[in-house]
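Here the structure comes first, spelled out in structure tokens, and everything after it is commentary.
Computed from the coordinates by the stated procedures, all read-outs in this text should not be read as laboratory data. Nothing here was measured: the structure is a model prediction, and the numbers come from that model. So basically every Cβ, Gly included, is an ideal-geometry build from the backbone, and we count neighbours across all protein chains shown.
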Amino acid sequence: MHNLKTCFCGITFPTPLILASGIVHTPAAFMALASQKGVGGITWKSISLKPRAGHPLPVVTPYSAGFINSVGLKNPGVKQAVKEIREVKKHIKIPLLASIVAFQMSEFPQLATEIAKAAPDLIELNLSCPNVDDEIGRPFSTDPLLSALAVQEVKRVVKHIPVIAKLTPNVVDIKEIAKAVENAGADAISAINTVGPGLLIDAKTRKAKLGNKIGGISGPSIKPLALRCVWDIAKTVKIPILGMGGVNNGEDALEMMMAGATLVGIGSAVFGKGFGIFDQINQQMLDLMKIYEIASFASIKLSIK
Ligand code: RRO
């Protein structure tokens, strides 16, 4: 039996499968998920300095090749989130990643200082939300200088918690963004956030299917883009990668590792298949490793011929 334990930024994860940000929202649901077999770690819903009501319903809708969402960063604000994370951490045994998002560069130091008080195991800097362009402008990770500055602002105040920069795929050259955040001191990169935004229309009513009309695309349709982005990043930087985008089964997860990921994020698949998906994917990976004669996760990393 292969060992699923995976080391990332000096932290041991019981399995390489991490709940992606934005799938689970309530403390009760985080605790329920964290106790499920096979979950390697959990990522909190992105947290902003101030509470946000989010976008009008519906905020998520499925389509034939995945999902489209425009939650609009609904969250209770950093003060309340710190209380919730502290409480959840008392009850779980796996690493917790806190995701933070700023509307202006100047918010990062305060946001990072506050969130560090909850002592998350890692901090994921969400530089890539596709759904608030009307409020923030383009995501920071569409620009190498802004991406680097965001990382520096956080690293300036957070010294003992690894910082992961989460990148958007909606750029011409993700390699230059990856290099910029690595040079700025990021401890790891997560990629990719959702793609787009896209638009789904109900032809009968001629209404957009989302309350916000447009939203980020996720699920199986984005897997090829996610694999290519992770591969590009892995060839460019030395820091480890949390790879995600359309991972639905064990084969997808192994492909993500072959592209260069150390940890693999599971997002939309949880909507489709429930909390049991983590155990299923781990089992599928282990079965496939026997069939494909794969000795370890490390042995297939960045192994595309
Ligand atoms: O809340 C959202 O609408 C959202 C966020 Br913060 C994000 O990073 N990615 C996404 O698809 N939706």
Using θ = phi - 60° and Karplus 6.51 cos²θ - 1.76 cosθ + 1.60, couplings along segment 81-86 (whole Hz; Gly, Pro as x): 4, 4, 4, 5, 5, 4
Expected unfolding gain across Ala295-Ser64 under the 0.36 nm per residue rule, minus the alpha-carbon gap, is 79.6 nm
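Using only the Cα atoms of segment 105-208, build the gyration tensor, take square roots of its eigenvalues as a ≥ b ≥ c, and label the shape rounded, prolate or oblate: rounded if a/c is under 1.5, else prolate if a/b is larger than b/c, else oblate. Walk me through the intermediate numbers first.
Values: a/c = 2.44, a/b = 1.79, b/c = 1.37.
Prolate, because a/c is 1.5 or more and a/b exceeds b/c.
What length, rounded to one decimal in nm, is gained on full extension from Gln36 through to Lys5, with 0.36 nm per residue of separation minus their alpha-carbon distance? Intermediate results must be reported in sequence, preceding the final value.
Working: separation 31, 0.36 × 31 = 11.16 nm, distance 1.57 nm.
This chain segment gains 9.6 nm when fully extended.
Give Lys159/Lys179; Lys90/Lys235; Lys90/Lys290; Lys155/Lys213 a once-over and call out the pairs whose C-alpha atoms are over 27 Å from each other.
Details: Lys159/Lys179 21 Å; Lys90/Lys235 38 Å; Lys90/Lys290 37 Å; Lys155/Lys213 36 Å.
In this structure, Lys90/Lys235; Lys90/Lys290; Lys155/Lys213 lie more than 27 Å apart at Cα.
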Per principal axis, largest first, the Cα atoms of segment 2-134 extend in Å by 47, 42, 25
List, in order, the whole-Hz ³J(HN,Hα) value for each residue of segment 295-305 obtained from phi through the Karplus relation with A = 6.51, B = -1.76, C = 1.60 and θ = phi - 60°; use x for Gly and Pro. 7, 7, 4, 4, 6, 9, 4, 6, 10, 5, 8
Report the full-extension gain for the segment Glu87 to Leu286: residue separation times 0.36 nm, less the Cα-Cα distance, to one decimal in nm. 68.3 nm
Counting other C-beta atoms within 10 Å, and keeping those with at most 10, which DSSP coil chymotrypsin sites (Phe, Trp or Tyr not before Pro) do you find in segment 209-302? Tyr292
Set the Förster distance to 30 Å, then compute FRET efficiency between Leu199 and Gln80 from the Cβ-Cβ distance, nearest 0.05. 0.40
Rounded, prolate or oblate: which fits the chain, taking a ≥ b ≥ c as square roots of the Cα gyration tensor eigenvalues, rounded meaning a/c under 1.5, else prolate when a/b beats b/c? rounded
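Restricting to DSSP loop positions (anything but H, G, I, E, B) with no more than 12 other Cβ atoms inside 10 Å of their own Cβ, which trypsin sites (Lys or Arg not before Pro) remain in segment 192-269? Provide the component values of the computation, followed by the final result.
Values: sites: Lys204, Arg206, Lys207, Lys209, Lys213, Arg228, Lys235, Lys238; in loops: Lys204, Arg206, Lys209, Lys213, Lys238.
Answer in residue order: Lys204, Arg206, Lys238.
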Taking R0 as 22 Å and r as the Cβ-Cβ distance between Lys213 and Ala29, the FRET efficiency 1/(1 + (r/R0)^6), rounded to the nearest 0.05, comes to 0.20
Output ordering of 18-24, 168-174 (per-residue mean of other Cβ within 10 Å, highest first) is 18-24, 168-174
Put +1 on the Cβ of every Lys and Arg and -1 on every Asp and Glu Cβ in the chain; which of Ala118, Leu200, Ala269 then has its Cα farthest towards the positive end of the dipole? Ala118
With a 10 Å cut-off between alpha carbons and a GNM built on the chain, which of Pro224, Pro139, Pro14 moves the most? Pro224
Near the amide H of Leu19, under 5 Å away, which other amide H atoms are found, from residues 5 or more places off or on another chain, if H is placed in the peptide plane? Gly40, Gly41, Ile42, Thr43, Ile266
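Net charge near Thr61, counting Lys/Arg +1 and Asp/Glu -1 over other residues with Cβ under 11 Å of its Cβ?
In short, 0.
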